[in-house]
Amino acid sequence: MRFFVIVNTPCSKFMESEVEQLAQASNAVGIDADQSLPLPGTEAYETLPQFPKRSPLPFRRTIRRHELHQIVPLAETTVYEMEQRGEFPRRFRLTPRCVVWDLEEVQAWIEDRKQASRSANTDASAGPDVRLRRHRPVR
């Protein structure tokens, strides 16, 4: 018969602090530990933010190009053009060969786009008129 002894280690204290930080982050969003999340399709679910308002981390996190493309599935050219027009958060250089984006700015941009698409007066343009193309016009 084997017995296992659980020792109070620094690792277990670290895990406890992680759990406390997650609880604080969920409280900052307005979710109680006893309360479950609203069901998808309900009005309460639609008002939930995609990202928590406050990060449980004490510092601002930056993301590189690969991580940005996992969060925002747009082509690099589209991101670059939107940055030039001021429609997307600007990248900045950490070193001459490393560019990053501020994660909070990207998350705020996603929230803005999400709220704009849910509003009633959204500009849902159909795109260019394909009948006016010189090559391969659509009839």
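Considering the stretch 92-110, and only residues there that are over 14 Å from residue 61 (Cβ atoms) and surrounded by 14 or more Cβ atoms within 10 Å (Cβ to Cβ), the residue that is nearest to the chain's Cα centre (by Cα) turns out to be 110. Checking each residue in the stretch 72-116 for being closer than 30 Å to residue 45 by Cβ and of a type in the set (Lys, Arg) picks out 113, 114. For the condition under 24 Å from residue 110 (Cβ atoms) and modelled with pLDDT under 95, residue 90 does not qualify.
Residue 73 falls short on exactly one of the conditions (1) at positive phi; (2) at pLDDT 75 or above, and that condition is (1).
The values are calculated or read from the model by the stated rules, or taken from the named source; none is laboratory data. Because the structure is a prediction, the values reported are computed rather than measured. Cβ coordinates were reconstructed from backbone atoms using ideal geometry, including for glycine residues, and neighbour counts include every protein chain displayed.
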